[in-house]
Amino acid sequence: MSDAISHEAGGGKGPLDPQDLPDTVRRAIDLCLERKAREPTVLDLRGLSDATDFFIVASGDSDVHVRAIAEHLVEELRQEGVRPAGVEGERAARWVLIDYIDLVVHLFHPVVRDFYQLERLWGDAPSILIEEPA
(Lines give C-alpha, C1' and ligand atoms only; values in the text may rest on other atoms or scores of the structure.)
Protein backbone atom coordinates (compact mmCIF):
# COMPACT_ATOMS: atom_id res chain seq x y z
CA MET A 1 0.00 0.00 0.00
CA SER A 2 1.14 3.52 -0.64
CA ASP A 3 2.32 5.72 2.21
CA ALA A 4 -1.17 7.15 2.56
CA ILE A 5 -1.90 6.36 6.20
CA SER A 6 -2.73 9.56 8.03
CA HIS A 7 -3.54 8.52 11.57
CA GLU A 8 -5.12 5.91 13.75
CA ALA A 9 -8.52 6.60 15.19
CA GLY A 10 -10.95 5.06 17.63
CA GLY A 11 -10.98 1.46 18.63
CA GLY A 12 -11.48 -0.45 21.79
CA LYS A 13 -8.75 -3.01 21.08
CA GLY A 14 -5.93 -0.50 20.70
CA PRO A 15 -4.51 1.08 17.58
CA LEU A 16 -4.69 -0.73 14.26
CA ASP A 17 -1.22 -1.41 12.84
CA PRO A 18 -1.22 -0.78 9.08
CA GLN A 19 1.28 -3.62 8.70
CA ASP A 20 -1.43 -6.03 9.92
CA LEU A 21 -3.68 -5.27 6.95
CA PRO A 22 -4.03 -8.15 4.48
CA ASP A 23 -2.83 -7.57 0.92
CA THR A 24 -6.39 -7.46 -0.46
CA VAL A 25 -7.32 -4.69 1.98
CA ARG A 26 -4.21 -2.70 1.06
CA ARG A 27 -4.87 -3.16 -2.65
CA ALA A 28 -8.53 -2.15 -2.28
CA ILE A 29 -7.47 1.05 -0.49
CA ASP A 30 -5.05 1.92 -3.28
CA LEU A 31 -7.71 1.28 -5.93
CA CYS A 32 -10.21 3.52 -4.13
CA LEU A 33 -7.58 6.26 -3.92
CA GLU A 34 -6.81 5.89 -7.64
CA ARG A 35 -10.38 7.07 -8.28
CA LYS A 36 -10.10 9.81 -5.65
CA ALA A 37 -12.33 8.30 -2.97
CA ARG A 38 -12.96 10.70 -0.09
CA GLU A 39 -12.14 9.99 3.57
CA PRO A 40 -11.32 6.29 3.14
CA THR A 41 -11.30 4.54 6.49
CA VAL A 42 -10.43 0.95 7.39
CA LEU A 43 -12.27 -0.68 10.30
CA ASP A 44 -10.81 -3.86 11.84
CA LEU A 45 -13.78 -6.01 12.79
CA ARG A 46 -11.81 -9.14 13.70
CA GLY A 47 -13.27 -10.41 16.94
CA LEU A 48 -16.24 -8.03 16.70
CA SER A 49 -18.13 -9.49 13.74
CA ASP A 50 -18.65 -13.02 12.48
CA ALA A 51 -19.63 -11.66 9.06
CA THR A 52 -16.32 -10.09 7.96
CA ASP A 53 -12.88 -9.07 9.17
CA PHE A 54 -12.54 -5.60 7.64
CA PHE A 55 -14.65 -2.73 6.36
CA ILE A 56 -13.38 -0.05 4.05
CA VAL A 57 -15.70 2.96 4.20
CA ALA A 58 -15.23 5.75 1.65
CA SER A 59 -17.21 8.44 -0.18
CA GLY A 60 -17.54 9.79 -3.68
CA ASP A 61 -18.60 13.32 -4.54
CA SER A 62 -21.63 12.19 -6.57
CA ASP A 63 -23.49 9.07 -7.66
CA VAL A 64 -21.34 8.96 -10.80
CA HIS A 65 -18.17 9.21 -8.71
CA VAL A 66 -19.31 6.45 -6.32
CA ARG A 67 -20.13 4.19 -9.28
CA ALA A 68 -16.74 4.92 -10.90
CA ILE A 69 -14.87 3.97 -7.71
CA ALA A 70 -16.90 0.76 -7.39
CA GLU A 71 -16.44 -0.26 -11.02
CA HIS A 72 -12.69 0.40 -10.89
CA LEU A 73 -12.27 -1.58 -7.67
CA VAL A 74 -14.27 -4.59 -8.88
CA GLU A 75 -12.64 -4.67 -12.33
CA GLU A 76 -9.05 -4.30 -11.14
CA LEU A 77 -9.38 -6.89 -8.37
CA ARG A 78 -11.16 -9.24 -10.79
CA GLN A 79 -8.18 -8.97 -13.15
CA GLU A 80 -6.00 -9.98 -10.20
CA GLY A 81 -8.17 -13.04 -9.53
CA VAL A 82 -10.16 -11.58 -6.63
CA ARG A 83 -13.89 -11.74 -7.28
CA PRO A 84 -16.62 -10.30 -5.06
CA ALA A 85 -19.19 -12.60 -3.53
CA GLY A 86 -21.72 -9.86 -4.20
CA VAL A 87 -22.20 -6.24 -5.19
CA GLU A 88 -25.25 -4.27 -4.06
CA GLY A 89 -26.46 -0.77 -4.89
CA GLU A 90 -24.28 -0.13 -7.93
CA ARG A 91 -27.16 1.02 -10.11
CA ALA A 92 -28.35 3.84 -7.83
CA ALA A 93 -24.82 4.39 -6.47
CA ARG A 94 -25.91 6.11 -3.26
CA TRP A 95 -24.41 3.26 -1.19
CA VAL A 96 -22.49 0.55 -3.00
CA LEU A 97 -21.57 -2.51 -0.94
CA ILE A 98 -18.91 -4.83 -2.37
CA ASP A 99 -18.57 -8.10 -0.43
CA TYR A 100 -15.25 -9.95 -0.61
CA ILE A 101 -16.19 -12.13 2.43
CA ASP A 102 -13.22 -11.14 4.67
CA LEU A 103 -13.46 -7.55 3.40
CA VAL A 104 -16.59 -5.51 2.76
CA VAL A 105 -16.20 -2.19 0.95
CA HIS A 106 -18.86 0.48 1.56
CA LEU A 107 -18.84 3.35 -0.94
CA PHE A 108 -21.22 6.18 -0.11
CA HIS A 109 -22.64 9.38 -1.44
CA PRO A 110 -21.61 11.84 1.36
CA VAL A 111 -25.17 12.48 2.58
CA VAL A 112 -25.84 8.74 2.88
CA ARG A 113 -22.53 8.13 4.68
CA ASP A 114 -23.37 10.88 7.15
CA PHE A 115 -26.83 9.38 7.73
CA TYR A 116 -25.67 5.80 8.43
CA GLN A 117 -22.42 6.66 10.24
CA LEU A 118 -20.89 3.18 10.00
CA GLU A 119 -17.69 4.37 11.66
CA ARG A 120 -19.71 5.46 14.69
CA LEU A 121 -21.84 2.29 14.67
CA TRP A 122 -18.64 0.22 14.77
CA GLY A 123 -16.91 2.63 17.18
CA ASP A 124 -15.33 -0.22 19.15
CA ALA A 125 -13.37 -1.31 16.08
CA PRO A 126 -9.79 -0.14 15.64
CA SER A 127 -9.65 2.07 12.58
CA ILE A 128 -7.32 3.98 10.30
CA LEU A 129 -8.25 7.07 8.33
CA ILE A 130 -6.30 6.98 5.07
CA GLU A 131 -4.74 10.22 3.87
CA GLU A 132 -5.97 11.31 0.46
CA PRO A 133 -3.14 12.14 -1.96
CA ALA A 134 -2.75 15.81 -2.78
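Numbers for the structure displayed
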quantity	calculated
Enumeration of residues in the stretch 105-124 that are buried (at least 18 other Cβ atoms within 10 Å of the Cβ) and either modelled with pLDDT under 95 or among the acidic types (Asp, Glu) (or both)	Glu119
Conditions (1) over 11 Å from the mean Cα position of the chain (by Cα); (2) modelled with pLDDT under 95; (3) within 19 Å of Leu21 (Cβ to Cβ); number of the one not met by Asp102	(2)
Number of the exception - Val64 against (1) at pLDDT 95 or above; (2) surrounded by fewer than 16 Cβ atoms within 10 Å (Cβ to Cβ); (3) under 22 Å from Arg120 (Cα atoms); (4) not hydroxyl-bearing (Ser, Thr, Tyr)	(3)
Total residues in the stretch 88-99, condition surrounded by 17 or more Cβ atoms within 10 Å (Cβ to Cβ), over 11 Å from the mean Cα position of the chain (by Cα) and over 11 Å from His65 (Cα atoms)	2
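The values are calculated or read from the model by the stated rules, or taken from the named source; none is laboratory data. Since we're looking at a predicted model, the values are computed, not measured. All Cβ positions, even for glycine, are placed from backbone atoms using ideal geometry, and neighbour counts span all protein chains on display.
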